[in-house]
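> My structure is below; once you've seen it, I'll send some questions.
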Ligand code: NI
Ligand code: MN
């Protein structure tokens, strides 16, 4: 199986842009314009249909309000966080809570647990933002991905595998504020994904976990290290050729992009 037209672009840190086969654009964790890991050519969004927000920390929703003003997307999040975003101008709220699944346009979204905190810094105020969460997203072509948000490893990741069996999982590996490589490797034992995309590393000096440290701990797992701004559009999720296919393609696009920039 491949992504059948789903295009996945890492924008650095925990932020991903997903373009669905139906032509809709989803942003997971809208931290883009102020995200130092996001390449300049990705900072201007053409169009956003859906925002999925894992929690209220600035490195996840730092540009949500601006993006909502510009694009009026549907906003998915836990009620307390959605309530805050509504006060800031969000018009299309699709709030939900853990264990729930809803259809948002052409995707099915399930909110799952994350083991993390969730305050919203609003000027000099720290506001209660509900709880941190992760998302399992099912696309119209049947592909399932799991974005873990910021989290420690937790035993109920085994339930996420049993109930939803996501093929591709995005796991934080940077350590300090989330799992490091050791915990993320344990998460792989519970989730048994076909491919893991490491995230939430390298953005700040304290995020010391690296994909190579992580890969050493999970020798049997396909670790797909993405480059911010590079789109994986034909992820093959079965067979041993996955990393080659992804890396080959992303390298090609990167080169094309660099030629365009030059
Ligand atoms: Ni956080
Ligand atoms: Mn974070």
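The values are calculated or read from the model by the stated rules, or taken from the named source; none is laboratory data. These numbers come from a predicted model, not from an experiment. Heads up, the Cβs are rebuilt from the backbone with ideal geometry, glycines too, and the neighbour counts pull from every protein chain shown.
> Regarding residue 232, is this residue surrounded by 14 or more Cβ atoms within 10 Å (Cβ to Cβ), at pLDDT below 95 and over 18 Å from residue 152 (Cα atoms)?
Values: surrounded by 14 or more Cβ atoms within 10 Å (Cβ to Cβ): yes; at pLDDT below 95: yes; over 18 Å from residue 152 (Cα atoms): yes.
For residue 232, the condition - surrounded by 14 or more Cβ atoms within 10 Å (Cβ to Cβ), at pLDDT below 95 and over 18 Å from residue 152 (Cα atoms) - is met.
> For region 117-152, enumerate the residues that are more than 16 Å from the chain's Cα centre (by Cα) and within 16 Å of ligand 1 (Cβ to nearest atom).
Just the residues of region 117-152 that are more than 16 Å from the chain's Cα centre (by Cα), to begin with: 117-131, 140-142.
Answer for region 117-152, where residues must be more than 16 Å from the chain's Cα centre (by Cα) and within 16 Å of ligand 1 (Cβ to nearest atom): 117, 118, 119, 120, 121, 122, 126, 127, 128, 129, 130, 131.
> Among the residues of region 92-114, is any closer than 25 Å to residue 194 by Cα and modelled with pLDDT under 95?
Checked region 92-114: at least one residue is closer than 25 Å to residue 194 by Cα and modelled with pLDDT under 95.
One line per residue, one yes/no per condition, for (1) within 16 Å of ligand 2 (Cβ to nearest atom); (2) part of a loop (DSSP other than H, G, I, E, B); (3) touching a residue at least 24 places away in the same chain (Cβ under 8 Å); (4) under 21 Å from residue 16 (Cβ atoms):
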{"position": "112", "(1), (2), (3), (4)": "no, no, yes, yes"}
{"position": "127", "(1), (2), (3), (4)": "no, no, yes, no"}
{"position": "136", "(1), (2), (3), (4)": "no, no, yes, yes"}
{"position": "163", "(1), (2), (3), (4)": "no, no, no, no"}
{"position": "185", "(1), (2), (3), (4)": "no, no, yes, no"}
{"position": "189", "(1), (2), (3), (4)": "no, no, no, no"}
{"position": "193", "(1), (2), (3), (4)": "no, yes, yes, yes"}
{"position": "198", "(1), (2), (3), (4)": "yes, no, yes, yes"}
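> Additional query: Considering region 202-216 alone, what residues qualify as being buried (at least 18 other Cβ atoms within 10 Å of the Cβ) and outside any loop (DSSP other than H, G, I, E, B)?
If the condition is that a residue be buried (at least 18 other Cβ atoms within 10 Å of the Cβ) and outside any loop (DSSP other than H, G, I, E, B), then 211, 213, 214, 215 are the ones that fit.
> Follow-up question, since we're still on this one. Filter region 14-66 for residues that are surrounded by fewer than 19 Cβ atoms within 10 Å (Cβ to Cβ) and closer than 26 Å to residue 128 by Cβ and give the result.
33, 34, 58, 65, 66
> Out of region 200-209, which residues are free of Cβ contacts under 8 Å to residues at least 60 places away in the same chain and within 16 Å of ligand 1 (Cβ to nearest atom)?
201, 204, 206, 207, 209
> Take the residues of region 153-168 that are away from ligand 1 (no atom under 16 Å from the Cβ), over 20 Å from residue 77 (Cβ atoms) and under 18 Å from the mean Cα position of the chain (by Cα): which is surrounded by the fewest Cβ atoms within 10 Å (Cβ to Cβ)?
165
> Right, another one. Quick one: is residue 100 within 25 Å of residue 154 (Cβ to Cβ), free of Cβ contacts under 8 Å to residues at least 24 places away in the same chain, away from ligand 2 (no atom under 16 Å from the Cβ) and surrounded by fewer than 19 Cβ atoms within 10 Å (Cβ to Cβ)? Before the answer, list the steps.
Details: within 25 Å of residue 154 (Cβ to Cβ): yes; free of Cβ contacts under 8 Å to residues at least 24 places away in the same chain: yes; away from ligand 2 (no atom under 16 Å from the Cβ): yes; surrounded by fewer than 19 Cβ atoms within 10 Å (Cβ to Cβ): yes.
Criteria met by residue 100.
> Residue 23 fails exactly one of the following numbered conditions: (1) modelled with pLDDT of 95 or more; (2) more than 16 Å from ligand 2 (Cβ to nearest atom); (3) at positive phi. What is the number of that condition?
It fails just one condition, (1).
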